[in-house]
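The structure appears below as structure tokens.
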Amino acid sequence: MFDLQKITRKNIINLKPYSSARDEYEGNQGIFLDANENSFGALIHNEYNLNRYPDPHQKKLKEKIAEIESINSENIFLGNGSDEAIDLLFRAFAEPSIDTVLYCPPTYGMYEVSANINAITPIEVPLTQDFELDIEKIRPHLNNPTLKLIFLCSPNNPTGNILNRENIMTILKNFQGIVVIDEAYQDFSKEVSWIKEIENYKNLVVLKTFSKSWGMANLRLGMAFASPEIIHIYNKIKPPYNINGETQRLVLEGLTDHKSRKYRAIDDIIEEREKLSIKLKNLSFVQKVYKSDTNFLLIKVNNANQLYNYLISKQIIIRNRHTTLLCENCVRITIGTNTENMMLMKHLLAFENSYS
Ligand SMILES: Cc1ncc(COP(=O)(O)O)c(C=O)c1O
């Protein structure tokens with residue numbers, strides 16, 4: 001049986017959280033002399049109350065997200081990017097220099113970085129050659145008492161594929177720690193979100209972000225969906241004003257009339273992805289274009305370093321994944337606009353003529 005109390009670090013259970021001025025009085029009306037703000041106003045844009053601390057609980061924004069995801073506000077934590085939501089999980093559940101975390105490379109690099117920052121030993125179980133979870137190699141770790149967190153990224157970065165649902169289910173059912181499913185790219189896939197499963201699995205945390213399909217990477221807003229008990233722990237340890245007021249205001253504005261705007265962008269990106277994928281396959285130096293459920297393509301080429309350097313010289317910046325496990329001579333290309341993709345193709349054809 002999953003026991004949240006048992007896996008939460010003792011210092012976090014005993015923690016008396018910081019109580020901010022805006023925690024103690026939540027009303028909007030009055031003369032606010034409680035938070036040592038500048039009562040005379042901000043340097044610029046006084047109409048946005050930039051001189052005042054933002055809502056530490058992001059109440060309105062969470063209500064809107066709850067409506068969109070058909071979930072309750074108390075199932076939502078908002079972080080300064082999903083990177084903050086990842087880091088706080090380590091701080092809440094993994095004891096430095098004692099506990100361990102499991103993830104499956106090649107995958108999103110912040111799981112490893114966060115583990116190292118928090119002095120948590122990583123257990124790496126590589127994906128199989130076809131980028132699936134190696135469930136038989138993962139299984140023996142599930143009873144390891146030091147293992148507190150498992151990070152699964154689906155669709156996975158940088159491989160682009162959805163992970164097999166049954167394998168994830170096996171992990172969820174057989175592990176008594178926290179299973180994190182990072183769905184940063186889920187909106188670009190046909191797979192249903194795992195958010196619906198947080199009611200059924202008390203050890204599940206689903207991560208999403210406004211940085212990809214919503215097109216708001218600059219605002220730094222990530223979401224974690226989980227049981228109210230896990231969200232309570234998140235709220236206990238987060239910095240009081242972790243989401244700035246402008247982010248809250250602008251994202252809320254963006255979420256009004258959200259469906260048409262969001263889905264138009266997703267459809268356009270998917271259409272460009274499929275067009276670009278076909279064109280890339282026709283290039284002689286491209287060995288493989290991996291199937292993608294994301295807004296990027298992973299491709300295997302004859303010489304990734306040479307291609308990367310050539311494109312950099314043309315001021316086209318892609319991600320060289322040559323040194324990443326299972327990604328020898330691979331590069332990752334974000335899907336650009338139609339014009340950007342045409343420019344990319346022009347230079348790739350020129351590269352083909354000069355080097356192959
Ligand atoms: C799988 C995955 N998760 C999370 C993130 C980071 O998201 P955010 O911008 O919300 O911190 C990225 C960014 O590339 C990602 O690829």
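The values are calculated or read from the model by the stated rules, or taken from the named source; none is laboratory data. Given the structure is predicted, the values throughout are model-derived calculations rather than measurements. Neighbour counts are summed over all protein chains in view; Cβ atoms, including those assigned to glycine, are modelled from backbone coordinates with ideal geometry. The accessibility values were calculated without ligands, DNA or RNA, using every heavy atom of the protein model including side chains. Shrake-Rupley method; radii C 1.70, N 1.55, O 1.52, S 1.80 Å.
What is the one condition in (1) over 30 Å from Thr8 (Cβ atoms); (2) in a loop (DSSP other than H, G, I, E, B) that Leu297 does not satisfy?
All conditions pass for Leu297, except number (2).
So which residues in segment 105-130 are closer than 22 Å to Lys212 by Cα and either open to solvent by 50 Å² or more (accessible area, probe 1.4 Å) or assigned to a loop (DSSP other than H, G, I, E, B) (or both)? Show your work before the answer.
Here is the first cut: in segment 105-130, the residues closer than 22 Å to Lys212 by Cα are 105-114.
Listed by number, the residues that qualify are Pro105, Pro106, Thr107, Tyr108, Gly109, Met110, Glu112, Val113.
Among the residues of segment 25-44, what is the count of those that are more than 19 Å from Pro239 (Cβ to Cβ), of a type outside the set (S, T, N, Q) and open to solvent by 100 Å² or more (accessible area, probe 1.4 Å)?
In the first step, residues of segment 25-44 are kept if they are more than 19 Å from Pro239 (Cβ to Cβ); the result is 25, 27-33, 38-44.
Those still in the list that are of a type outside the set (S, T, N, Q) too: 25, 27, 30-33, 40-44.
Then keep just the ones that are open to solvent by 100 Å² or more (accessible area, probe 1.4 Å); that gives 25, 31, 33, 40, 43-44.
Matching residues across segment 25-44 total 6.
Would you please name the residue that is farthest from the ligand (Cβ to nearest atom), looking only at residues in segment 238-256 that are open to solvent by less than 30 Å² (accessible area, probe 1.4 Å) and assigned to a loop (DSSP other than H, G, I, E, B)?
Of everything passing the filter in segment 238-256, Lys238 is farthest from the ligand (Cβ to nearest atom).
Of the conditions (1) under 29 Å from Tyr290 (Cα atoms); (2) open to solvent by less than 50 Å² (accessible area, probe 1.4 Å); (3) away from the ligand (no atom under 16 Å from the Cβ), Asn156 clears all except one; give me its number.
Of the numbered conditions (1) under 29 Å from Tyr290 (Cα atoms); (2) open to solvent by less than 50 Å² (accessible area, probe 1.4 Å); (3) away from the ligand (no atom under 16 Å from the Cβ), the odd one out for Asn156 is (3).
Tell me whether segment 78-85 contains one or more residues that are free of Cβ contacts under 8 Å to residues at least 12 places away in the same chain, open to solvent by 40 Å² or more (accessible area, probe 1.4 Å) and either within 14 Å of the ligand (Cβ to nearest atom) or assigned by TED's automatic domain parsing to the domain that holds Pro240 (or both). Break it down stepwise before answering.
At the first step, the residues of segment 78-85 found to be free of Cβ contacts under 8 Å to residues at least 12 places away in the same chain are none.
No, that holds for no residue.
Picking from Glu274, Glu352, which residue would you name as being without any contact (Cβ under 8 Å) to a residue 12 or more places away in the chain and of a type in the set (Asp, Glu)? If you could, list the steps in order and put the result at the bottom.
Details: Glu352 fails: without any contact (Cβ under 8 Å) to a residue 12 or more places away in the chain.
Of Glu274, Glu352, the one residue that is without any contact (Cβ under 8 Å) to a residue 12 or more places away in the chain and of a type in the set (Asp, Glu) is Glu274.
Among the hydrophobic types (A, V, I, L, M, F, W, C), without any contact (Cβ under 8 Å) to a residue 60 or more places away in the chain and more than 16 Å from the ligand (Cβ to nearest atom), is that true of Leu142? Please lay out each step first, then the result.
Details: among the hydrophobic types (A, V, I, L, M, F, W, C): yes; without any contact (Cβ under 8 Å) to a residue 60 or more places away in the chain: yes; more than 16 Å from the ligand (Cβ to nearest atom): yes.
Criteria met by Leu142.
In segment 219-237, what residues are farther than 19 Å from Glu67 by Cα, in contact with a helix residue (DSSP H, G or I) (Cβ under 9 Å, 6 or more places away or on another chain) and either at pLDDT below 95 or open to solvent by 10 Å² or more (accessible area, probe 1.4 Å) (or both)? Break it down stepwise before answering.
Taking segment 219-237 as the starting set, the residues that turn out to be farther than 19 Å from Glu67 by Cα are 219-220, 229-230, 232-237.
Right, trim to in contact with a helix residue (DSSP H, G or I) (Cβ under 9 Å, 6 or more places away or on another chain) and you get 219-220, 229-230, 232-234, 236-237.
Within segment 219-237, Leu219, Arg220, Glu229, His232, Ile233, Lys236, Ile237 qualify.
Condition check ((1) at positive phi; (2) among the hydrophobic types (A, V, I, L, M, F, W, C)) across all residues:
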{"position": "Asp267", "(1), (2)": "no, no"}
{"position": "Lys275", "(1), (2)": "no, no"}
{"position": "Leu283", "(1), (2)": "no, yes"}
{"position": "Phe296", "(1), (2)": "no, yes"}
{"position": "Leu326", "(1), (2)": "yes, yes"}
{"position": "Leu344", "(1), (2)": "no, yes"}
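Looking at segment 165-220 only, could you name the residues that are away from the ligand (no atom under 12 Å from the Cβ), assigned to a loop (DSSP other than H, G, I, E, B) and either under 23 Å from Lys6 (Cα atoms) or touching a Phe, Trp or Tyr at 6+ places or on another chain (Cβ under 8 Å) (or both)? Full working, then the answer.
Pass one, segment 165-220, residues away from the ligand (no atom under 12 Å from the Cβ): 165-179, 187, 189-205.
Checking which are assigned to a loop (DSSP other than H, G, I, E, B) leaves us with 175-177, 189-193, 200-203.
Across segment 165-220, the qualifying residues are Phe175, Gln176, Gly177, Asn200, Tyr201, Lys202, Asn203.
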